[in-house]
Amino acid sequence: MSFMDSLAKLGQVLPAVTKPSQKPSLNQKLIWSIVAVAIYLVMSSVPLYGLQVSNSSFFSNFLLEQVIFASTAGTLAQLGIGPIITAGLIMQILVGSKLINMNLNDEEDRAKFTEAQKGLAFIFIIIEAFLFGFALAGNSGLSRLDFASIIAGQLIVATYFILLLDEMIQKGWGLGSGVSLFILAGVMKIMFWYMFGIVTVSSQNLPVGFFPSLVSTVVSHGNILDLIVNTTKPFQPDLVGLVSTIGLTILIIYLESININIPVTSQKLRGIRRTIPLNFLYVSSIPVIFVSVLGADIELFSTLASYVSPGVQRVLNAIDSAFVFPPPNTTIPHSVYALVEDPVGAVVYALVFLVLGIIFGLVWVEVAGLDPATQARSLVEAGIEIPGMRSNPRVIEGILARYIYPLAFFSSVIVTLIAVVATFLGVYGTGVGLILAVSIAMQYYSLLAYERSIEMYPLLKRIIGE
Amino acid sequence: MPPTKKKKENIPLMSMAGLVRYYEEEHEKVKIDPKVVIIGSIVVIGIVIALSRLVPI
(Lines give C-alpha, C1' and ligand atoms only; values in the text may rest on other atoms or scores of the structure.)
Protein backbone atom coordinates (compact mmCIF):
# COMPACT_ATOMS: atom_id res chain seq x y z
CA MET A 1 0.00 0.00 0.00
CA SER A 2 1.47 3.41 -1.01
CA PHE A 3 1.82 6.37 1.34
CA MET A 4 -1.09 8.08 -0.42
CA ASP A 5 -3.29 5.03 0.03
CA SER A 6 -2.47 4.92 3.76
CA LEU A 7 -3.34 8.61 4.14
CA ALA A 8 -6.57 8.10 2.20
CA LYS A 9 -7.50 5.10 4.40
CA LEU A 10 -6.93 7.26 7.49
CA GLY A 11 -9.11 9.99 5.95
CA GLN A 12 -11.87 7.45 5.36
CA VAL A 13 -12.02 6.17 8.95
CA LEU A 14 -12.16 9.67 10.45
CA PRO A 15 -15.68 10.95 11.19
CA ALA A 16 -17.05 13.16 8.42
CA VAL A 17 -20.03 15.49 8.07
CA THR A 18 -22.94 14.21 5.96
CA LYS A 19 -23.86 16.01 2.76
CA PRO A 20 -27.26 17.75 2.78
CA SER A 21 -29.87 15.53 1.09
CA GLN A 22 -31.32 18.60 -0.61
CA LYS A 23 -29.73 21.98 -1.19
CA PRO A 24 -30.36 24.30 1.80
CA SER A 25 -31.85 27.74 1.08
CA LEU A 26 -29.60 30.82 1.14
CA ASN A 27 -30.95 31.82 4.57
CA GLN A 28 -30.23 28.36 5.99
CA LYS A 29 -26.71 28.48 4.53
CA LEU A 30 -26.15 31.90 6.11
CA ILE A 31 -27.34 30.63 9.51
CA TRP A 32 -25.04 27.55 9.41
CA SER A 33 -22.09 29.78 8.36
CA ILE A 34 -22.74 32.39 11.06
CA VAL A 35 -23.06 29.68 13.75
CA ALA A 36 -19.77 28.09 12.60
CA VAL A 37 -17.92 31.44 12.71
CA ALA A 38 -19.44 32.26 16.11
CA ILE A 39 -18.23 28.93 17.54
CA TYR A 40 -14.80 29.55 16.04
CA LEU A 41 -14.60 33.01 17.62
CA VAL A 42 -15.67 31.61 21.01
CA MET A 43 -12.97 28.92 20.73
CA SER A 44 -10.50 31.75 19.98
CA SER A 45 -11.30 33.34 23.32
CA VAL A 46 -11.35 30.25 25.58
CA PRO A 47 -7.90 29.71 27.19
CA LEU A 48 -6.50 26.19 27.18
CA TYR A 49 -7.09 24.36 30.46
CA GLY A 50 -3.92 24.25 32.55
CA LEU A 51 -2.11 27.04 30.73
CA GLN A 52 -0.25 29.51 32.95
CA VAL A 53 -0.35 33.25 32.27
CA SER A 54 3.46 33.32 32.63
CA ASN A 55 3.68 31.48 29.31
CA SER A 56 2.25 34.47 27.43
CA SER A 57 5.70 35.64 26.22
CA PHE A 58 6.03 32.30 24.40
CA PHE A 59 3.08 33.19 22.17
CA SER A 60 3.99 36.71 21.10
CA ASN A 61 6.07 35.47 18.15
CA PHE A 62 3.24 33.84 16.21
CA LEU A 63 2.43 36.80 14.00
CA LEU A 64 2.08 35.04 10.63
CA GLU A 65 0.09 32.13 12.10
CA GLN A 66 -2.29 34.62 13.67
CA VAL A 67 -3.24 35.88 10.19
CA ILE A 68 -2.85 32.97 7.80
CA PHE A 69 -3.91 30.16 10.17
CA ALA A 70 -6.54 32.29 11.99
CA SER A 71 -4.97 31.06 15.21
CA THR A 72 -5.24 32.73 18.59
CA ALA A 73 -2.37 32.11 20.99
CA GLY A 74 -3.07 30.13 24.16
CA THR A 75 -6.68 29.31 23.28
CA LEU A 76 -8.59 26.31 21.90
CA ALA A 77 -7.95 27.84 18.46
CA GLN A 78 -4.17 27.80 18.99
CA LEU A 79 -3.61 25.56 15.95
CA GLY A 80 -6.48 27.25 14.08
CA ILE A 81 -6.81 26.07 10.51
CA GLY A 82 -3.01 25.57 10.23
CA PRO A 83 -3.08 21.77 9.92
CA ILE A 84 -5.87 21.90 7.29
CA ILE A 85 -4.11 24.52 5.15
CA THR A 86 -0.64 22.99 5.51
CA ALA A 87 -1.87 19.49 4.59
CA GLY A 88 -3.87 20.87 1.66
CA LEU A 89 -1.01 22.84 0.20
CA ILE A 90 1.49 19.98 0.60
CA MET A 91 -0.87 17.65 -1.25
CA GLN A 92 -1.48 20.22 -4.00
CA ILE A 93 2.22 20.80 -4.53
CA LEU A 94 2.98 17.05 -4.55
CA VAL A 95 0.27 16.39 -7.12
CA GLY A 96 0.90 19.57 -9.16
CA SER A 97 4.63 18.89 -9.41
CA LYS A 98 3.84 15.23 -10.39
CA LEU A 99 5.84 13.91 -7.45
CA ILE A 100 2.69 11.91 -6.75
CA ASN A 101 1.00 10.63 -9.85
CA MET A 102 -2.72 11.35 -9.66
CA ASN A 103 -5.21 12.13 -12.37
CA LEU A 104 -7.66 14.62 -10.89
CA ASN A 105 -10.02 14.10 -13.84
CA ASP A 106 -10.63 10.60 -12.49
CA GLU A 107 -13.34 10.16 -9.84
CA GLU A 108 -11.41 7.63 -7.77
CA ASP A 109 -8.25 9.75 -7.72
CA ARG A 110 -10.24 12.85 -6.77
CA ALA A 111 -11.79 10.99 -3.85
CA LYS A 112 -8.39 9.66 -2.77
CA PHE A 113 -6.89 13.18 -3.02
CA THR A 114 -9.49 14.71 -0.68
CA GLU A 115 -9.35 11.79 1.78
CA ALA A 116 -5.55 11.87 1.87
CA GLN A 117 -5.70 15.65 2.54
CA LYS A 118 -7.90 14.97 5.54
CA GLY A 119 -5.69 12.12 6.77
CA LEU A 120 -2.58 14.31 6.49
CA ALA A 121 -4.35 17.20 8.27
CA PHE A 122 -5.17 14.84 11.16
CA ILE A 123 -1.51 13.74 11.42
CA PHE A 124 -0.46 17.42 11.53
CA ILE A 125 -3.05 18.08 14.26
CA ILE A 126 -1.57 15.34 16.46
CA ILE A 127 2.08 16.32 15.85
CA GLU A 128 1.53 20.06 16.42
CA ALA A 129 -0.70 19.47 19.47
CA PHE A 130 1.93 17.35 21.24
CA LEU A 131 4.78 19.69 20.24
CA PHE A 132 2.84 22.56 21.82
CA GLY A 133 2.12 20.49 24.90
CA PHE A 134 5.79 19.64 25.42
CA ALA A 135 6.93 23.17 24.55
CA LEU A 136 4.68 24.65 27.23
CA ALA A 137 5.33 21.99 29.89
CA GLY A 138 8.43 23.70 31.32
CA ASN A 139 6.58 26.04 33.66
CA SER A 140 3.98 23.65 35.09
CA GLY A 141 4.02 21.60 38.30
CA LEU A 142 2.88 18.41 36.51
CA SER A 143 5.20 15.88 34.86
CA ARG A 144 6.16 16.86 31.31
CA LEU A 145 4.19 14.00 29.74
CA ASP A 146 1.05 14.62 31.83
CA PHE A 147 0.99 18.32 31.01
CA ALA A 148 1.71 17.73 27.31
CA SER A 149 -1.12 15.18 27.17
CA ILE A 150 -3.62 17.57 28.80
CA ILE A 151 -2.78 20.39 26.35
CA ALA A 152 -2.52 18.07 23.33
CA GLY A 153 -5.85 16.37 24.16
CA GLN A 154 -7.68 19.70 24.15
CA LEU A 155 -5.97 20.89 20.97
CA ILE A 156 -6.64 17.63 19.09
CA VAL A 157 -10.36 17.61 19.93
CA ALA A 158 -10.88 21.36 19.38
CA THR A 159 -8.91 21.45 16.10
CA TYR A 160 -10.74 18.37 14.80
CA PHE A 161 -14.04 20.13 15.49
CA ILE A 162 -12.69 23.15 13.57
CA LEU A 163 -11.91 20.79 10.67
CA LEU A 164 -15.49 19.44 10.86
CA LEU A 165 -16.94 22.98 10.94
CA ASP A 166 -14.99 23.77 7.76
CA GLU A 167 -16.13 20.49 6.17
CA MET A 168 -19.74 21.25 7.13
CA ILE A 169 -19.64 24.59 5.32
CA GLN A 170 -17.77 23.20 2.29
CA LYS A 171 -20.12 20.25 1.83
CA GLY A 172 -23.00 22.63 1.16
CA TRP A 173 -24.52 23.33 4.58
CA GLY A 174 -22.89 26.76 4.61
CA LEU A 175 -21.62 29.29 2.11
CA GLY A 176 -18.19 28.91 0.49
CA SER A 177 -15.49 27.57 2.76
CA GLY A 178 -14.99 27.57 6.52
CA VAL A 179 -11.27 28.13 6.14
CA SER A 180 -11.91 31.40 4.23
CA LEU A 181 -14.52 32.55 6.73
CA PHE A 182 -12.23 31.88 9.71
CA ILE A 183 -9.33 33.78 8.08
CA LEU A 184 -11.66 36.70 7.28
CA ALA A 185 -13.04 36.76 10.84
CA GLY A 186 -9.50 36.64 12.29
CA VAL A 187 -8.18 39.49 10.13
CA MET A 188 -11.26 41.62 10.78
CA LYS A 189 -10.78 41.10 14.52
CA ILE A 190 -7.15 42.31 14.28
CA MET A 191 -8.15 45.33 12.13
CA PHE A 192 -10.95 46.26 14.52
CA TRP A 193 -8.56 46.03 17.48
CA TYR A 194 -5.93 48.15 15.68
CA MET A 195 -8.56 50.87 15.29
CA PHE A 196 -10.63 50.67 18.47
CA GLY A 197 -8.88 48.34 20.96
CA ILE A 198 -8.76 49.90 24.43
CA VAL A 199 -6.26 47.54 26.08
CA THR A 200 -3.07 45.78 25.02
CA VAL A 201 -3.19 41.97 24.62
CA SER A 202 0.51 41.19 24.32
CA SER A 203 0.09 37.42 23.78
CA GLN A 204 -1.89 38.19 20.62
CA ASN A 205 0.20 41.17 19.42
CA LEU A 206 -2.84 43.41 19.87
CA PRO A 207 -2.07 47.02 20.88
CA VAL A 208 -4.25 49.89 22.05
CA GLY A 209 -6.10 51.03 18.92
CA PHE A 210 -5.39 54.16 16.89
CA PHE A 211 -8.51 56.09 17.90
CA PRO A 212 -8.25 55.48 21.69
CA SER A 213 -4.52 56.40 21.42
CA LEU A 214 -5.46 59.60 19.55
CA VAL A 215 -7.97 60.59 22.23
CA SER A 216 -5.53 59.85 25.06
CA THR A 217 -2.68 61.75 23.30
CA VAL A 218 -4.87 64.81 22.68
CA VAL A 219 -6.22 64.81 26.26
CA SER A 220 -2.76 64.42 27.81
CA HIS A 221 -1.07 66.83 25.29
CA GLY A 222 1.28 64.01 24.24
CA ASN A 223 3.42 63.68 21.09
CA ILE A 224 0.94 63.65 18.20
CA LEU A 225 3.72 63.14 15.62
CA ASP A 226 4.23 59.60 16.88
CA LEU A 227 0.62 58.87 15.99
CA ILE A 228 1.20 60.02 12.42
CA VAL A 229 4.30 57.83 11.94
CA ASN A 230 5.12 55.43 14.75
CA THR A 231 8.87 55.60 15.38
CA THR A 232 9.03 53.97 18.80
CA LYS A 233 6.95 50.86 19.64
CA PRO A 234 6.34 47.59 17.75
CA PHE A 235 2.69 46.86 16.85
CA GLN A 236 1.53 50.46 17.57
CA PRO A 237 -0.91 51.58 14.83
CA ASP A 238 -0.37 55.00 13.21
CA LEU A 239 -2.15 57.34 10.77
CA VAL A 240 -0.01 56.30 7.77
CA GLY A 241 -1.08 52.70 8.43
CA LEU A 242 -4.76 53.67 8.61
CA VAL A 243 -4.69 55.72 5.39
CA SER A 244 -2.70 52.94 3.63
CA THR A 245 -5.23 50.33 4.77
CA ILE A 246 -8.08 52.30 3.21
CA GLY A 247 -6.14 53.18 0.04
CA LEU A 248 -4.85 49.66 -0.61
CA THR A 249 -8.29 48.15 0.05
CA ILE A 250 -9.71 50.34 -2.73
CA LEU A 251 -6.78 49.42 -5.03
CA ILE A 252 -7.26 45.65 -4.45
CA ILE A 253 -11.03 45.91 -5.08
CA TYR A 254 -10.31 47.80 -8.32
CA LEU A 255 -7.70 45.26 -9.50
CA GLU A 256 -9.95 42.30 -8.60
CA SER A 257 -12.71 43.78 -10.78
CA ILE A 258 -10.58 44.10 -13.95
CA ASN A 259 -11.16 41.38 -16.57
CA ILE A 260 -9.43 40.47 -19.80
CA ASN A 261 -12.17 39.51 -22.25
CA ILE A 262 -11.67 36.77 -24.86
CA PRO A 263 -14.25 36.83 -27.70
CA VAL A 264 -16.07 33.49 -28.18
CA THR A 265 -19.14 32.04 -29.87
CA SER A 266 -21.38 29.29 -28.52
CA GLN A 267 -22.93 26.47 -30.55
CA LYS A 268 -25.68 26.16 -27.89
CA LEU A 269 -26.62 29.83 -28.28
CA ARG A 270 -26.77 29.65 -32.10
CA GLY A 271 -23.44 31.32 -32.71
CA ILE A 272 -24.16 34.43 -30.66
CA ARG A 273 -20.90 36.25 -29.96
CA ARG A 274 -19.96 36.99 -26.36
CA THR A 275 -16.79 37.16 -24.28
CA ILE A 276 -15.22 35.01 -21.59
CA PRO A 277 -13.69 37.16 -18.85
CA LEU A 278 -10.34 36.13 -17.39
CA ASN A 279 -9.60 37.85 -14.10
CA PHE A 280 -6.69 40.27 -14.34
CA LEU A 281 -5.59 38.95 -10.93
CA TYR A 282 -5.70 35.46 -12.43
CA VAL A 283 -4.23 33.65 -9.42
CA SER A 284 -5.97 35.95 -6.90
CA SER A 285 -4.28 35.93 -3.48
CA ILE A 286 -2.85 32.40 -3.91
CA PRO A 287 0.87 33.40 -4.20
CA VAL A 288 0.62 35.39 -0.96
CA ILE A 289 -1.22 32.51 0.78
CA PHE A 290 1.39 29.94 -0.27
CA VAL A 291 4.39 32.08 0.79
CA SER A 292 2.73 32.97 4.09
CA VAL A 293 1.83 29.34 4.88
CA LEU A 294 5.44 28.36 4.24
CA GLY A 295 6.64 31.22 6.48
CA ALA A 296 4.07 30.47 9.17
CA ASP A 297 5.04 26.79 9.30
CA ILE A 298 8.73 27.68 9.57
CA GLU A 299 7.82 30.19 12.31
CA LEU A 300 5.76 27.57 14.15
CA PHE A 301 8.33 24.78 13.98
CA SER A 302 11.21 27.17 14.78
CA THR A 303 9.53 28.15 18.05
CA LEU A 304 8.67 24.55 18.88
CA ALA A 305 12.19 23.33 17.95
CA SER A 306 13.70 25.57 20.63
CA TYR A 307 12.50 22.98 23.14
CA VAL A 308 13.91 20.05 21.17
CA SER A 309 17.11 21.19 19.43
CA PRO A 310 18.58 24.69 19.81
CA GLY A 311 20.74 24.13 16.69
CA VAL A 312 17.72 23.41 14.48
CA GLN A 313 15.91 26.33 16.06
CA ARG A 314 18.74 28.76 15.14
CA VAL A 315 18.63 27.66 11.48
CA LEU A 316 14.81 27.85 11.28
CA ASN A 317 14.85 31.21 13.06
CA ALA A 318 17.26 32.65 10.50
CA ILE A 319 15.03 31.45 7.64
CA ASP A 320 11.88 32.65 9.41
CA SER A 321 13.21 36.20 9.80
CA ALA A 322 13.17 36.54 5.98
CA PHE A 323 9.39 35.93 5.94
CA VAL A 324 8.45 38.50 8.59
CA PHE A 325 9.10 42.24 8.46
CA PRO A 326 10.10 43.77 10.80
CA PRO A 327 11.87 40.62 12.03
CA PRO A 328 10.41 39.02 15.17
CA ASN A 329 11.87 39.76 18.62
CA THR A 330 13.13 43.24 17.70
CA THR A 331 12.08 46.68 18.89
CA ILE A 332 11.63 47.96 15.35
CA PRO A 333 8.19 49.62 14.96
CA HIS A 334 5.64 48.06 12.59
CA SER A 335 5.37 51.20 10.49
CA VAL A 336 6.97 52.85 7.47
CA TYR A 337 9.79 53.93 9.82
CA ALA A 338 10.97 50.27 9.86
CA LEU A 339 12.40 50.88 6.35
CA VAL A 340 14.79 53.44 7.86
CA GLU A 341 15.78 51.18 10.74
CA ASP A 342 16.24 47.94 8.77
CA PRO A 343 16.63 48.59 5.00
CA VAL A 344 18.52 45.33 4.38
CA GLY A 345 15.83 43.26 6.10
CA ALA A 346 13.21 45.04 3.97
CA VAL A 347 14.99 44.14 0.71
CA VAL A 348 15.43 40.49 1.76
CA TYR A 349 11.75 40.27 2.78
CA ALA A 350 10.61 41.79 -0.54
CA LEU A 351 12.83 39.46 -2.60
CA VAL A 352 11.75 36.31 -0.73
CA PHE A 353 8.06 37.17 -1.16
CA LEU A 354 8.45 38.16 -4.82
CA VAL A 355 10.47 35.14 -5.98
CA LEU A 356 8.46 32.55 -4.05
CA GLY A 357 5.18 34.30 -4.97
CA ILE A 358 5.91 34.02 -8.71
CA ILE A 359 6.90 30.34 -8.39
CA PHE A 360 3.82 29.44 -6.33
CA GLY A 361 1.51 31.46 -8.63
CA LEU A 362 2.70 29.52 -11.70
CA VAL A 363 2.49 26.18 -9.82
CA TRP A 364 -1.10 26.99 -8.79
CA VAL A 365 -2.17 27.48 -12.42
CA GLU A 366 -1.23 23.85 -13.11
CA VAL A 367 -2.51 22.44 -9.79
CA ALA A 368 -5.94 24.07 -9.85
CA GLY A 369 -6.69 23.27 -13.49
CA LEU A 370 -6.37 26.91 -14.57
CA ASP A 371 -3.80 25.98 -17.25
CA PRO A 372 -4.58 26.61 -20.96
CA ALA A 373 -4.97 22.87 -21.78
CA THR A 374 -7.64 22.25 -19.11
CA GLN A 375 -9.45 25.51 -19.88
CA ALA A 376 -9.44 24.76 -23.62
CA ARG A 377 -10.87 21.28 -22.99
CA SER A 378 -13.65 22.76 -20.81
CA LEU A 379 -14.51 25.33 -23.50
CA VAL A 380 -14.72 22.71 -26.26
CA GLU A 381 -16.85 20.40 -24.04
CA ALA A 382 -19.21 23.34 -23.37
CA GLY A 383 -19.55 23.93 -27.14
CA ILE A 384 -17.73 27.26 -27.01
CA GLU A 385 -15.50 28.31 -29.92
CA ILE A 386 -13.17 31.18 -30.65
CA PRO A 387 -14.39 33.03 -33.77
CA GLY A 388 -12.28 32.18 -36.83
CA MET A 389 -10.60 29.18 -35.14
CA ARG A 390 -11.26 25.47 -35.49
CA SER A 391 -13.04 23.85 -32.52
CA ASN A 392 -9.90 21.93 -31.64
CA PRO A 393 -8.63 21.95 -28.02
CA ARG A 394 -5.00 22.27 -29.23
CA VAL A 395 -5.71 25.41 -31.27
CA ILE A 396 -7.74 27.01 -28.47
CA GLU A 397 -5.07 26.02 -25.93
CA GLY A 398 -2.45 27.88 -27.98
CA ILE A 399 -4.57 31.05 -27.98
CA LEU A 400 -5.41 30.82 -24.27
CA ALA A 401 -1.73 30.25 -23.40
CA ARG A 402 -0.94 33.70 -24.85
CA TYR A 403 -3.21 35.23 -22.19
CA ILE A 404 -3.01 32.83 -19.24
CA TYR A 405 0.74 32.54 -18.60
CA PRO A 406 1.47 36.30 -18.76
CA LEU A 407 -1.61 36.93 -16.58
CA ALA A 408 -0.46 34.32 -14.03
CA PHE A 409 3.04 35.83 -13.94
CA PHE A 410 2.00 39.49 -13.67
CA SER A 411 -0.84 38.83 -11.22
CA SER A 412 1.60 36.96 -8.96
CA VAL A 413 4.00 39.92 -9.13
CA ILE A 414 1.26 42.50 -8.48
CA VAL A 415 -0.38 40.64 -5.56
CA THR A 416 2.97 39.93 -3.92
CA LEU A 417 4.11 43.55 -4.36
CA ILE A 418 0.88 44.86 -2.82
CA ALA A 419 1.38 42.56 0.20
CA VAL A 420 4.99 43.70 0.60
CA VAL A 421 4.24 47.43 0.18
CA ALA A 422 1.28 47.14 2.56
CA THR A 423 3.52 45.59 5.20
CA PHE A 424 6.12 48.35 4.68
CA LEU A 425 3.42 51.00 5.18
CA GLY A 426 2.23 49.33 8.39
CA VAL A 427 -1.34 48.56 7.29
CA TYR A 428 -3.66 47.21 9.97
CA GLY A 429 -3.82 43.40 10.03
CA THR A 430 -0.54 43.09 8.01
CA GLY A 431 -0.20 43.24 4.22
CA VAL A 432 -0.92 39.53 3.84
CA GLY A 433 -4.01 39.83 6.05
CA LEU A 434 -5.34 42.80 4.06
CA ILE A 435 -4.99 41.01 0.70
CA LEU A 436 -6.62 37.87 2.09
CA ALA A 437 -9.48 39.72 3.76
CA VAL A 438 -10.32 41.81 0.68
CA SER A 439 -10.11 38.90 -1.77
CA ILE A 440 -12.16 36.59 0.48
CA ALA A 441 -14.79 39.32 1.05
CA MET A 442 -15.05 39.83 -2.73
CA GLN A 443 -15.40 36.08 -3.33
CA TYR A 444 -18.24 36.04 -0.80
CA TYR A 445 -19.88 39.03 -2.47
CA SER A 446 -19.92 37.15 -5.80
CA LEU A 447 -21.07 33.95 -4.10
CA LEU A 448 -23.97 35.74 -2.39
CA ALA A 449 -25.00 37.42 -5.65
CA TYR A 450 -24.87 34.04 -7.41
CA GLU A 451 -26.90 32.24 -4.72
CA ARG A 452 -29.50 35.02 -4.69
CA SER A 453 -29.92 34.93 -8.47
CA ILE A 454 -30.33 31.13 -8.37
CA GLU A 455 -33.05 31.48 -5.72
CA MET A 456 -34.83 34.31 -7.50
CA TYR A 457 -34.70 32.78 -10.99
CA PRO A 458 -34.98 28.97 -10.68
CA LEU A 459 -34.72 28.67 -14.49
CA LEU A 460 -31.06 29.66 -14.14
CA LYS A 461 -30.48 26.42 -12.22
CA ARG A 462 -31.43 24.38 -15.27
CA ILE A 463 -29.41 26.55 -17.66
CA ILE A 464 -26.20 26.18 -15.65
CA GLY A 465 -26.96 22.53 -14.87
CA GLU A 466 -27.22 22.66 -11.05
CA MET B 1 -19.93 -5.79 -14.08
CA PRO B 2 -17.53 -2.84 -14.30
CA PRO B 3 -18.62 0.26 -12.37
CA THR B 4 -20.40 2.79 -14.57
CA LYS B 5 -18.71 6.14 -14.90
CA LYS B 6 -20.64 9.20 -13.78
CA LYS B 7 -20.91 12.23 -16.02
CA LYS B 8 -17.78 14.38 -15.77
CA GLU B 9 -19.53 17.75 -15.64
CA ASN B 10 -20.56 19.56 -12.44
CA ILE B 11 -17.47 18.52 -10.51
CA PRO B 12 -17.71 20.45 -7.23
CA LEU B 13 -14.24 21.98 -7.08
CA MET B 14 -13.64 24.09 -4.00
CA SER B 15 -10.66 26.37 -4.23
CA MET B 16 -11.29 29.15 -1.73
CA ALA B 17 -8.36 30.14 0.49
CA GLY B 18 -6.01 28.22 -1.77
CA LEU B 19 -7.38 24.77 -1.07
CA VAL B 20 -8.57 22.45 -3.79
CA ARG B 21 -11.13 19.89 -2.62
CA TYR B 22 -13.57 17.57 -4.28
CA TYR B 23 -16.60 16.33 -2.44
CA GLU B 24 -18.53 14.39 -5.05
CA GLU B 25 -17.16 11.10 -3.68
CA GLU B 26 -18.16 9.74 -0.29
CA HIS B 27 -16.05 6.89 1.06
CA GLU B 28 -15.99 7.93 4.71
CA LYS B 29 -17.23 5.28 7.08
CA VAL B 30 -18.45 7.40 10.04
CA LYS B 31 -20.96 10.11 9.15
CA ILE B 32 -21.99 12.91 11.52
CA ASP B 33 -24.97 15.23 11.30
CA PRO B 34 -23.90 18.92 11.30
CA LYS B 35 -26.00 19.50 14.42
CA VAL B 36 -23.74 17.00 16.22
CA VAL B 37 -20.70 19.06 15.12
CA ILE B 38 -22.23 22.25 16.53
CA ILE B 39 -23.33 20.61 19.80
CA GLY B 40 -20.00 18.75 20.14
CA SER B 41 -18.02 21.99 19.73
CA ILE B 42 -20.16 23.73 22.35
CA VAL B 43 -19.72 20.79 24.76
CA VAL B 44 -15.90 20.89 24.32
CA ILE B 45 -15.88 24.64 25.02
CA GLY B 46 -18.11 24.10 28.10
CA ILE B 47 -15.91 21.30 29.50
CA VAL B 48 -12.70 23.36 29.13
CA ILE B 49 -14.28 26.41 30.81
CA ALA B 50 -15.73 24.25 33.62
CA LEU B 51 -12.39 22.48 34.25
CA SER B 52 -10.52 25.81 34.36
CA ARG B 53 -12.97 27.15 36.97
CA LEU B 54 -13.54 24.01 39.06
CA VAL B 55 -10.26 22.03 38.87
CA PRO B 56 -7.43 24.53 38.26
CA ILE B 57 -3.98 22.97 37.77
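The values are calculated or read from the model by the stated rules, or taken from the named source; none is laboratory data. This is a predicted model, so every value here is computed, not measured. As a convention, Cβ positions derive from the backbone with ideal geometry for all residues, glycine included, and neighbour counts pool all protein chains shown. The area values use the complete protein model at the heavy-atom level, side chains included, leaving out ligands, DNA and RNA. Shrake-Rupley method; radii C 1.70, N 1.55, O 1.52, S 1.80 Å.
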Scanning for something under 30 Å from A:Val243 (Cβ atoms), open to solvent by 50 Å² or more (accessible area, probe 1.4 Å) and in contact with a helix residue (DSSP H, G or I) (Cβ under 8 Å, 6 or more places away or on another chain), does the range A:410-424 turn up at least one residue?
yes
State whether one or more residues within the range A:32-51 are in a helix (DSSP H, G or I), modelled with pLDDT of 80 or more, open to solvent by 60 Å² or more (accessible area, probe 1.4 Å) and more than 30 Å from A:Thr200 (Cα to Cα).
no
Only one of A:Leu26, A:Leu7, A:Leu41 is more than 7 Å from chain B (Cβ to nearest Cβ), farther than 25 Å from A:Gly88 by Cβ, in contact with a helix residue (DSSP H, G or I) (Cβ under 7 Å, 6 or more places away or on another chain) and aliphatic (A, V, I, L, M). Can you tell me which?
A:Leu26
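Residues A:Gly361, A:Gly357, A:Gly369: which one is within 14 Å of another protein chain (Cβ to nearest Cβ), touching a helix residue (DSSP H, G or I) at 6+ places or on another chain (Cβ under 9 Å), at positive phi and not acidic (Asp, Glu)?
Details: A:Gly361 fails: at positive phi; A:Gly357 fails: at positive phi.
The conditions single out A:Gly369.
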Can you tell me which condition A:Val427 does not meet? The list is (1) within 16 Å of A:Val187 (Cα to Cα); (2) open to solvent by less than 20 Å² (accessible area, probe 1.4 Å); (3) in a helix (DSSP H, G or I), and all the others hold.
(3)
Looking for something at pLDDT 85 or above, under 23 Å from A:Leu339 (Cα atoms), among the polar types (S, T, N, Q) and within 16 Å of the chain's Cα centre (by Cα) - is there at least one such residue anywhere in the range A:428-438?
yes
Those residues that are outside any helix (DSSP H, G or I) and open to solvent by less than 30 Å² (accessible area, probe 1.4 Å), I need them from the range A:106-140; list them, please.
A:Ser140
Yes or no: the range A:90-104 includes at least one residue that is at pLDDT 85 or above, over 20 Å from A:Phe290 (Cα atoms) and in a loop (DSSP other than H, G, I, E, B).
no
How many residues does the range A:8-32 hold that are of a type outside the set (Ser, Thr, Tyr) and more than 21 Å from A:Ala449 (Cβ to Cβ)?
13
Residue hits (the range A:196-242; among the aromatic types (Phe, Trp, Tyr) and outside any helix (DSSP H, G or I)) are A:Phe235
Can you pull out the residues in the range A:203-241 that are open to solvent by 20 Å² or more (accessible area, probe 1.4 Å), closer than 30 Å to A:Ser411 by Cα and not aromatic (Phe, Trp, Tyr)?
A:Leu239, A:Val240
Just to verify a result, which residue in the range A:360-399, among those that are among the charged types (D, E, K, R) and over 33 Å from the mean Cα position of the chain (by Cα), is surrounded by the most Cβ atoms within 10 Å (Cβ to Cβ)?
A:Glu385
